[in-house]
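Peer 1: What follows is a single structure, and I will ask about it in a moment.
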Amino acid sequence: MTAGATGAAEGPDGPTDERPRERDAVVVGGGVAGLSAAVYTARQGLDTLVVDPGESILRRNARLENFPGFPLGVDPRRLLDLLGEQAETAGADRLDARVTRVSLADGDPDAADAGNAANGARFAVTTDEGDRIGARRVVAATKNEVGYLTELDGVDIVDRGKAYVDADERGRTGVDGLYAAGRLARKPHQAAVCAGHGAEVAVTLLEESDEPFYHDWVAPEGYFTDRDRDVPPGCEEIAAAEREARESAALDATRDRFAEPHPDPQETHPSLED
């Protein structure tokens, strides 16, 4: 779903203004790390917005041969499309734009247009389209692009030939509520590793938020309750009929998504383009 920063979303009935401009989580970057993070935050009910201009370096790859679940490899563009669809299905919105600045809302003169700390937004996120979005938490997942973070006190930029954000293993930075995921957090240049780290960062965010969370798990009916246990936060029990319905929908979707080669032309390094 593509949504404006003010919350206008394109749905079956056209634009709406129902979604707030102030978000629980803004994910900067729509590669595998950012989209994986968005899946987890959105599934747990956080109002999540992914801001990305659609330029993931992964689209330049011809094939991904080592991503789990694809024994014969997968088209990287298809993988990104599927991750984007998965984030949307989970409830995340997407804004096609480039983030130019992340600042603390209470120190931003334009924060009145993006929510403010008193109303819950810790950050003000600004895009190249002039959008200003209030965010309680931000996940930075932009590979080696760091310019939009330089005005935040407490963010340490590490130069190793390319720029990275200094973060701990779970993506925490020196600024409360700001996380770094994937390559930006110096994870290896492997799609599977970066996707996993995006998920780990999101779980860290959930554990440190006000949302009750144990783990994201769909269990068969009775798995917990038949042992006189409550279903943990973030988990779900489903009956056999619901499981079969979800399986059928997943099989139909898989056949449809992989019925034809990806329609977009193969991308390459920008220096090789005419």
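Peer 1: State which stretch of the chain is the longest one without any exposed chymotrypsin sites (Phe, Trp or Tyr not before Pro), exposure meaning a DSSP loop state and at most 13 other Cβ atoms within 10 Å.
Peer 2: 1-213
Peer 1: State which stretch of the chain is the longest one without any exposed trypsin sites (Lys or Arg not before Pro), exposure meaning a DSSP loop state and at most 12 other Cβ atoms within 10 Å.
Peer 2: Free of exposed loop sites, the longest segment is 64-159.
Peer 1: Among His189, His262, rank each residue by its count of other Cβ atoms within 10 Å, from fewest to most, as a rough exposure measure.
Peer 2: Result, fewest neighbours first: His189, His262.
Peer 1: Hey, in the GNM for the chain with a 10 angstrom Cα cutoff, which one of Ala245, Ala92, Ala219 fluctuates hardest?
Peer 2: It is Ala245.
Peer 1: Here are some values of Rg/Rh (Cα atoms, Kirkwood Rh): [x] 1.09; [y] 0.98; [z] 0.94. Which one was computed from this structure?
Peer 2: Recomputing Rg/Rh (Cα atoms, Kirkwood Rh) here gives the entry labelled [y].
Peer 1: Within 10 Å of each residue's Cβ, count the other Cβ atoms and sort Val102, Val175, Val138 from fewest upward.
Peer 2: Ordered from fewest to most neighbouring Cβ atoms within 10 Å, Val102, Val175, Val138 come out as Val175, Val102, Val138.
Peer 1: What are the DSSP H helices in the chain that stretch 15 Å or more along their long axis, judged by alpha-carbon atoms, and whose average Kyte-Doolittle hydropathy comes to at least -1.0?
Peer 2: 32-43, 76-90, 191-207
Peer 1: Which of these, Ala192, Ala90, Ala250, has the largest mean-square fluctuation under a Gaussian network model of the chain (Cα springs below 10 Å)?
Peer 2: Ala250
Peer 1: If you don't mind, another one. Determine ³J(HN,Hα), in whole Hz, for all residues of the stretch 225-238 in sequence, where each value follows from phi through the Karplus function 6.51 cos²θ - 1.76 cosθ + 1.60 and θ = phi - 60°; x replaces Gly and Pro.
Peer 2: 5, 6, 9, 6, 10, 5, 5, x, x, x, 9, 8, 9, 10
Peer 1: If I model a spin label at Tyr223 and Ala192 as a point 7 Å from the Cα along the Cα→Cβ vector, what separation in nanometres do I get?
Peer 2: 2.3 nm
Peer 1: Another question, if that's okay. Please name which of Asn66, Ala42, His197 has its Cα lying farthest along the dipole of the stretch 9-207 towards the positive end, using unit charges on Cβ (Lys, Arg +1; Asp, Glu -1) and the Cα centre as origin.
Peer 2: The residue sitting most towards the positive pole is Asn66.
Peer 1: Test of understanding: ordering Ile133, Ile57 by Cβ neighbours within 10 Å, fewest first, what list do you get?
Peer 2: Going from sparsest to densest Cβ surroundings: Ile57, Ile133.
Here, each number is a calculation from the coordinates, and none is a lab measurement. Bear in mind that the values here come from a model prediction, so they are computed numbers and not experimental data. No Cβ is skipped: glycine too gets one built from the backbone with ideal geometry, and neighbour counts run over all protein chains shown.
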